[in-house]
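Novice: I am attaching a structure below and will ask some questions about it afterwards.
The values are calculated or read from the model by the stated rules, or taken from the named source; none is laboratory data. Fair warning: this is a prediction, and the values are worked out from it, not measured in the lab. Every residue, glycine among them, receives a Cβ derived from its backbone with ideal geometry; neighbour counts consider all protein chains shown.
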Amino acid sequence: MLWDVEQAKKWIKRLNDKIQENKAYLTELDQAIGDGDHGLNMARGLQEAASKIANSHYDDLGSLFKDVGMTLIAKVGGASGPLYGTAFMKASLVLKDRKEADRNAFVAAFSAALDGLKMRGKAQVGDKTMIDVWDPVIAWMKSHETIRANELVDLSKEKMEDTKELEAKKGRAAYLGRRSVGHLDPGAVSSYLLFASLAESFEKGESAP
Amino acid sequence: MKKLINDPNQVVDDMLAGMVEAHSDKLKRLPDTNVMIRKDAPVSGKVGVISGGGSGHEPAHAGYVGKGMLDGAVCGEVFTSPTPDQILAAIQAVDSGKGVLLIIKNYTGDMMNFEMAAEMAEAEGIQVAKVVVNDDVAVEDSTYTTGRRGIAGTVFVHKIAGALAEQGATLAEVEAVAKKTVENVRSMGMALTPCTVPAAGKPGFELGENEIEIGMGIHGEPGIEKTSIQSADEIAQILLNNILEDLPLKEHDKVAVMINGLGATPLMELYIIHKKVSEILREKRIHIHETFVGEFMTSLEMAGCSISLLKLDDQLSELLDAQADTIAFKK
């Protein structure tokens, strides 16, 4: 089984739908421990990215990922723009000239995206950021031959929920110190939505390549 | 939400359009961007100085664009960092070939977006230097966390770096004096009421009728503690004590003082705060070179204030006194 341009398009469309549905929720989470713009920014950026790719033709996954990355960098703002933008740009390098990704290319692309997030955000596991979802999810992808949709959703959800008990070390929530405990990290929640919609792009909801 | 706006998603665009109409003698807007630059940019033979960040802090930052201060201001959405493409456009527009200094307030988003823009500009062969302002003593400083925020003290960095750049100094010299300013400036704020980001439609946090937050950041980030309302003298004392603990001053040292309103604080109250600040400094025999009272770095319609102290040496005081002609800061 292979993951192709059509599935990637479906993913971004579903991701945008989820972000729009959760715009107020993400903003509320961010108002609790950040500066209250995460939902607004993500909704603005994903809407642009979804429109852009819906109206474009792509011969390869790399150019699709690059367009999404560039759009997020230019339209999201805040910290999420450079972070998600960098993730898509790094993945686009791995997917360059590929019409479809087999399991290894798929995992390599998401692994490169994680490296990009770490490079840009300088956060570690446990800092109460999106890395707390991305790092274990990518490790799990690497160690599983078959990437099952339901397992991907469950794992990213569990890791997102785990950020509630963490004390923030990076981002604006870090100013709260201990007071950040008891709140979900908004970036971890948007990352969960990213993986949940990715799972929905797998054919027949079964598994990735 | 009751605001003088047309559309919550158009506030930055509408504001910049009005600003250009009002001040077309001083600044212009780069087409298709939210970048405001000096009307005469790029100024030949001069290092370009750029600042920026989220909007909602007016007059910061576009109010400081002009002779003797900034060459460009990059205006993000309300409380949201501008994007790298916008910052890059500003760098390209103000670079005269002598390089560009980016003055960045220490927030995760601003840091990432300005760094990405700097990388892009360097790839195009433009020399770029960065200085990060982190004057807010309400936040614990640590290499393991995001570190201190940049607040009203940033305006002193604009003024001093801008003044040296105007004299024709090199990029390295302008960067060095900006860093020296950052090392010598400390601030702390407090809030009486929250503020509402137009697109969010409701206040970013809550404060009870008699509650205040000491150490509040300029986007409503929490400070040191929520406490009950106290007298202006007590509040001035708390803020100044925190600043002085972090910026050791000796007798006869010279400082500039900024009493900054956050958007909805009457000038009357800012002067009442300064009465106590000046009294404490006089008791400590610290000489006030100049005092700035007014709105320099606001937080939409938040009520409250911040106090900034800049320790001056001969170079810094000369540059602070140098000529500047911007909308919000004139010398």
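Novice: Out of B:N106, B:N113, report the one residue that is in the same structural domain as B:D13 (by TED's automatic domain parsing), surrounded by fewer than 22 Cβ atoms within 10 Å (Cβ to Cβ) and within 30 Å of B:I243 (Cα to Cα).
Specialist: Numbers: B:N113 fails: surrounded by fewer than 22 Cβ atoms within 10 Å (Cβ to Cβ).
Only one candidate qualifies: B:N106.
Novice: Mind checking which helices (runs of 4 or more DSSP H) fall wholly inside the stretch A:1-85 and carry at least 1 residues that are of a type outside the set (D, E, K, R) and over 29 Å from A:E167 (Cβ atoms)? Outline the logic, then answer.
Specialist: Details: elements: A:5-21, A:23-33, A:38-54, A:61-75.
Qualifying helices (runs of 4 or more DSSP H): A:5-21, A:38-54, A:61-75.
Novice: Let me ask something else about it. Could you name every one of the strands (runs of 3 or more DSSP E) located completely within the stretch B:17-104 that has at least 2 residues being modelled with pLDDT under 95? Steps first, please.
Specialist: Values: elements: B:27-29, B:35-38, B:48-55, B:72-78.
So the answer is B:72-78.
Novice: Could you please let me know if A:K52 is surrounded by fewer than 18 Cβ atoms within 10 Å (Cβ to Cβ) and free of Cβ contacts under 8 Å to residues at least 40 places away in the same chain? Working first, answer last.
Specialist: Values: surrounded by fewer than 18 Cβ atoms within 10 Å (Cβ to Cβ): yes; free of Cβ contacts under 8 Å to residues at least 40 places away in the same chain: yes.
Considered against the rule, which asks whether it is surrounded by fewer than 18 Cβ atoms within 10 Å (Cβ to Cβ) and free of Cβ contacts under 8 Å to residues at least 40 places away in the same chain, A:K52 comes out as yes.
Novice: Cβ contacts < 9 Å: first residue of a type in the set (F, W, Y), restricted to the stretch A:155-182; second residue assigned to a helix (DSSP H, G or I), any location; separation 6+ or different chain. Result?
Specialist: Here the result reads A:Y175/A:I33, each pair linking the stretch A:155-182 to a residue that is assigned to a helix (DSSP H, G or I).
Novice: Restrict the check to the stretch A:125-140 and report whether at least one residue is part of a helix (DSSP H, G or I) and either of a type in the set (G, A, S) or at pLDDT below 95 (or both). Show your work before the answer.
Specialist: Let us first name the residues in the stretch A:125-140 that are part of a helix (DSSP H, G or I), namely A:131-140.
Now narrow it down to the ones that are either of a type in the set (G, A, S) or at pLDDT below 95 (or both): A:139.
Yes.
Novice: Exactly one of (1) facing another protein chain (nearest Cβ under 9 Å); (2) without any contact (Cβ under 8 Å) to a residue 12 or more places away in the chain is unmet by A:G39. Its number?
Specialist: The failed condition is (2).
Novice: Quick one: count up the residues across the stretch A:142-201 that are of a type in the set (S, T, Y) and in contact with a Ser or Thr (Cβ under 6 Å, 6 or more places away or on another chain). Give the steps one after another, and end with the answer.
Specialist: Narrowing the stretch A:142-201 to residues of a type in the set (S, T, Y): A:143, A:146, A:156, A:163, A:175, A:180, A:190-192, A:197, A:201.
Those left that are additionally in contact with a Ser or Thr (Cβ under 6 Å, 6 or more places away or on another chain): A:146, A:192.
Total meeting the criteria: 2.
Novice: Identify, please: which residue in the stretch B:51-100 is of a type in the set (D, E) and in contact with a Ser or Thr (Cβ under 7 Å, 6 or more places away or on another chain) and is, among those, nearest to A:G45 (Cα to Cα)?
Specialist: The first filter runs over the stretch B:51-100 and keeps only residues of a type in the set (D, E), leaving B:58, B:71, B:77, B:85, B:95.
Next, only the ones that are in contact with a Ser or Thr (Cβ under 7 Å, 6 or more places away or on another chain) stay: B:58, B:77.
On the way: B:E58: 25, B:E77: 12 Å.
Ranking the candidates gives B:E77 first.
Novice: Would you mention how many residues in the stretch A:31-67 are under 17 Å from A:A87 (Cβ atoms) and of a type in the set (A, V, I, L, M)?
Specialist: 7
Novice: In addition: Could we say that A:R98 is over 13 Å from the mean Cα position of the chain (by Cα), touching a residue at least 24 places away in the same chain (Cβ under 8 Å) and either within 12 Å of chain B (Cβ to nearest Cβ) or more than 16 Å from A:G34 (Cβ to Cβ) (or both) here?
Specialist: Details: over 13 Å from the mean Cα position of the chain (by Cα): yes; touching a residue at least 24 places away in the same chain (Cβ under 8 Å): yes; either within 12 Å of chain B (Cβ to nearest Cβ) or more than 16 Å from A:G34 (Cβ to Cβ) (or both): yes.
Criteria met by A:R98.
Novice: Checking B:K130 against (1) touching a strand residue (DSSP E or B) at 6+ places or on another chain (Cβ under 7 Å); (2) surrounded by 24 or more Cβ atoms within 10 Å (Cβ to Cβ); (3) away from chain A (no Cβ under 14 Å): exactly one of these is not met. Which one?
Specialist: With respect to (1) touching a strand residue (DSSP E or B) at 6+ places or on another chain (Cβ under 7 Å); (2) surrounded by 24 or more Cβ atoms within 10 Å (Cβ to Cβ); (3) away from chain A (no Cβ under 14 Å), B:K130 is out only on (2).
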